[in-house]
Amino acid sequence: MADFNTHFFTATATGAVYATVATKGLNLSTEPALLLAAMTAIGGVLPDIDLKDSTPSKTLFLVLGTLAALLFMMHHAQNFSVVELLIIGSVVFVAVRYLLWALFHQFTVHRGSLHSLAACAMFGFGAVVLCHYGFGTTPTLSWLAGIGVLIGCITHLLLDELYSVDFSGVRIKRSFGSALKVIDTARWPGSLAVIAVTIVCLWKAPPAAPLFKALQAVDPNWTDWVLQLNF
């Protein structure tokens with residue numbers, strides 16, 4: 001299995017290439033290009049959030065805890081005093097960062113349901129929804145960001161499989177095949193949860209037609225059939 005630095009730097013390099021291609025092809029400005037590069041880099045470490053003591057897991061729940069506390073304090077700014085907001089906000093942060101983090105890892109196993117192509121799709125569609133409704137990005141940019149996350153996730157799985165092959169001794173390690181799988185058939189509850197979240201994210205995602213129209217400007221032929229579906 002590749003370590004965090006290998007995953008992060010490989011995903012960052014991949015993100016730079018993806019952002020460059022998208023920028024040149026779709027004539028994007030600097031800020032969207034940076035977003036695509038960043039989302040690809042994030043996608044490159046997401047499959048390891050099921051590893052309890054990993055940097056991605058701790059960072060993710062640190063960010064979630066901070067966001068949850070800030071959202072609570074902003075939403076209830078008129079209902080509590082500053083001291084009360086700080087105390088309750090701190091409780092919310094601790095609950096998400098530590099309690100929810102511990103609970104999450106009670107139900108996940110490393111290289112389990114979150115370490116699959118199905119989970120890559122879930123992360124990708126989730127990024128589309130997050131960018132569009134959370135960050136207010138356009139449907140086109142939201143889908144491009146989701147594609148970046150998907151690319152980063154798949155790059156992660158490919159790296160793990162590559163590291164499962166010992167080229168110096170020309171042998172395959174026992175971990176080969178446990179990273180790059182369509183779905184985790186050994187843990188169906190988790191896999192069904194991944195599928196359910198993916199379907200919900202796809203349902204809530206903004207229309208992809210604007211992206212295909214933008215791509216059609218690059219190549220007028222290959223996207224015609226997609227546009228006819230009104231997707």
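The values are calculated or read from the model by the stated rules, or taken from the named source; none is laboratory data. No experiment lies behind these values; they were computed from the predicted model shown. Cβ sites come from the backbone with ideal geometry, for glycine too, and all protein chains shown count toward neighbours.
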Residue list for the range 65-85, restricted to those being buried (at least 16 other Cβ atoms within 10 Å of the Cβ) and within 20 Å of Leu130 (Cα to Cα): Gly65, Ala68, Ala69, Phe72
Of the residues in the range 44-85, those that are hydroxyl-bearing (Ser, Thr, Tyr) and at pLDDT 85 or above come to Thr66, Ser81
Out of contact with any helix residue (DSSP H, G or I) (no Cβ under 9 Å at 6 or more places or on another chain), surrounded by fewer than 17 Cβ atoms within 10 Å (Cβ to Cβ) and without any contact (Cβ under 8 Å) to a residue 24 or more places away in the chain - does that describe any residue in the range 92-101? yes
Based on this model, can you work out whether Val45 counts as of a type outside the set (D, E, K, R), touching a helix residue (DSSP H, G or I) at 6+ places or on another chain (Cβ under 6 Å) and closer than 21 Å to Val128 by Cα? yes
Here the residues within the range 7-43 that are under 23 Å from Val109 (Cβ atoms) and either modelled with pLDDT under 90 or in contact with an Asp or Glu (Cβ under 6 Å, 6 or more places away or on another chain) (or both) are His7, Phe8, Ile42
Quick one: would you say Ala68 is within 22 Å of Gly126 (Cβ to Cβ) and outside the structural domain of Gly152 (by TED's automatic domain parsing)? yes
Okay, helices (runs of 4 or more DSSP H) sitting entirely in the range 73-163 with 3 or more residues that are closer than 29 Å to Pro206 by Cα, assigned by TED's automatic domain parsing to the domain that holds Ala208 and not basic (Lys, Arg), I get 117-129, 139-162
Select from the range 44-54 the residues that are in a helix (DSSP H, G or I) and not aliphatic (A, V, I, L, M) and list them in ascending order. Pro47, Asp48, Asp50
Please work out which residue is modelled with the highest pLDDT, limiting yourself to the range 204-231 and to residues that are assigned to a loop (DSSP other than H, G, I, E, B), of a type in the set (A, V, I, L, M, F, W, C) and more than 14 Å from Ser142 (Cα to Cα). Trp222
Taking the condition at pLDDT 85 or above and buried (at least 20 other Cβ atoms within 10 Å of the Cβ), does Ile88 pass? no
Looking only at residues that are more than 15 Å from the chain's Cα centre (by Cα) and of a type in the set (D, E, K, R) in the range 4-56, which one is surrounded by the fewest Cβ atoms within 10 Å (Cβ to Cβ)? Asp53
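Residue by residue, here is whether (1) closer than 20 Å to Gly136 by Cα; (2) in a helix (DSSP H, G or I); (3) outside the structural domain of Ala217 (by TED's automatic domain parsing) holds:
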residue: Asn5; (1), (2), (3): no, yes, yes
residue: Lys24; (1), (2), (3): no, yes, no
residue: Leu28; (1), (2), (3): yes, no, no
residue: Pro32; (1), (2), (3): yes, yes, no
residue: Ala37; (1), (2), (3): yes, yes, no
residue: Ile42; (1), (2), (3): yes, yes, no
residue: Pro56; (1), (2), (3): no, yes, yes
residue: Thr59; (1), (2), (3): no, yes, yes
residue: Leu62; (1), (2), (3): no, yes, yes
